[in-house]
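A.B. asks: Below: one structure in structure tokens.
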Amino acid sequence: MSIAGRALAEQGPVSRGTYVDDELLSGLPAEFDLIERYAYPVPIQIICELLGVPGQDRDTWRGWAADLGAPDLQRIAAGARGLVGYMRGLIAAKRAAPGEDLLSGLVRVREDDGDRLSDEELISMSISILIAGHETTVGLISQSVRLLLTRSLDLGDVAAAVEELLRYSGPAEIAVLRHTLEPVELGGVSIPAGEAVQVVYAAANRDPRRFDRPGLLDLHRPDNARLGFGHGILYCLGAALARAETQIALTSLLDRFPELTLAGEAGWQPGLKRALTGLPVRTSPER
């Protein structure tokens, strides 16, 4: 069964018997960059399998997706045009020869009932799924490995550990910008209608009124109702998949390489978004 199939089949905590494909793990050298060689390929493979994106196209659209976060407006525009053009062509291919993937299903919905999704909405939704389906999971896997190695922590109960890692240092610490539809009073402050509001998940996840010793990374924390995938109508649709991916990735990596250690300093993306750009590791301690 593929990684995607195993992740979707999980109905509870991932067991120690659920693994990433051996081909990926066995191909890792003694020293490697965790993000480039592991944290990125795992969710990319899964989301491409689910959506129906050909594997040979991954590096192409990955470059366009990276351009969307560039400081250069021309690069952002070029990345957006590239992704839209690619997705338009892929949708046309699925329409001509549908498969059993998610994108083919969305195309069928469009064909069966034209009022459900316009072509523009279909393109926008597909790009959102493609990008959101891997970017934050890459961050969660790499951040989790960094914390486990720097703190010399045992993974233990993988399901509980991932929830605490999400609380302590999740990949999405700032929510999308919102606007008030009516006057709101929050924490003694009156916010008029039409004002921009930025919700910071990281602040809620470290709130001492909610969590005992919030600055402590406790992989056995019993009460962990934290924000990390949003809340309410904007709750992340891929939350269950992201959990399963991360649990599988961590279990597989640390079971295969129980002596995994850091091999250098982590690289960080500048700006408000706390994202790793590199994490050198070695499969056994340096002798």
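A.B. asks: Which residue, of GLU100, GLU120, is of a type in the set (Asp, Glu), open to solvent by 50 Å² or more (accessible area, probe 1.4 Å), at pLDDT 85 or above and farther than 21 Å from GLU49 by Cα?
C.D. replies: GLU120
A.B. asks: Scan the range 45-70 for residues that are at negative phi and touching an Asp or Glu at 6+ places or on another chain (Cβ under 7 Å) and jot them down.
C.D. replies: Within the range 45-70, ILE46, LEU50, LEU51 qualify.
A.B. asks: Which condition number does THR261 fail, the rest of (1) of a type outside the set (A, V, I, L, M); (2) open to solvent by 30 Å² or more (accessible area, probe 1.4 Å); (3) out of contact with any Lys or Arg (no Cβ under 7 Å at 6 or more places or on another chain) being met?
C.D. replies: THR261 satisfies all of (1) of a type outside the set (A, V, I, L, M); (2) open to solvent by 30 Å² or more (accessible area, probe 1.4 Å); (3) out of contact with any Lys or Arg (no Cβ under 7 Å at 6 or more places or on another chain) except (3).
A.B. asks: Do you know which of the residues in the range 13-29 that are surrounded by fewer than 15 Cβ atoms within 10 Å (Cβ to Cβ) and over 23 Å from ARG243 (Cβ atoms) is modelled with the highest pLDDT?
C.D. replies: Among those residues, the one meeting the criterion is PRO29.
A.B. asks: Out of the residues in the range 30-55 that are open to solvent by 20 Å² or more (accessible area, probe 1.4 Å) and touching a residue at least 40 places away in the same chain (Cβ under 8 Å), state the one that is farthest from LEU140 (Cα to Cα).
C.D. replies: Applying the filter and picking the extreme gives ALA30.
A.B. asks: Let me ask something else. If the Cβ limit is 9 Å and pairs must be 6+ apart or interchain, which residue in the range 65-85 that is among the β-branched types (Val, Ile, Thr) pairs with which residue that is in a helix (DSSP H, G or I)?
C.D. replies: Pairs found: ILE76/ASP67; VAL84/ILE123; VAL84/SER124; VAL84/ILE127.
A.B. asks: Among the helices (runs of 4 or more DSSP H) confined wholly to the range 128-239, which include 1 or more residues that are under 28 Å from LEU50 (Cα atoms), out of contact with any strand residue (DSSP E or B) (no Cβ under 9 Å at 6 or more places or on another chain) and open to solvent by 50 Å² or more (accessible area, probe 1.4 Å)?
C.D. replies: 135-150
A.B. asks: Kindly list the number of the only condition in (1) in contact with a Lys or Arg (Cβ under 9 Å, 6 or more places away or on another chain); (2) open to solvent by less than 10 Å² (accessible area, probe 1.4 Å) that fails for THR246.
C.D. replies: Result: THR246 fails condition (1) only.
A.B. asks: Can ALA249 be described as part of a helix (DSSP H, G or I) and within 18 Å of ASP33 (Cα to Cα)?
C.D. replies: Yes: the conditions hold for ALA249.
The values are calculated or read from the model by the stated rules, or taken from the named source; none is laboratory data. What you see is a predicted model, and the numbers here were worked out from it, not measured in a lab. When we count neighbours, we look across all protein chains shown, and the Cβ atoms used for this are built from the backbone with ideal geometry, even at glycine. For the accessible areas, the whole protein counts, side chains as well, though only heavy atoms, and no ligand, DNA or RNA atoms are used. Shrake-Rupley method; radii C 1.70, N 1.55, O 1.52, S 1.80 Å.
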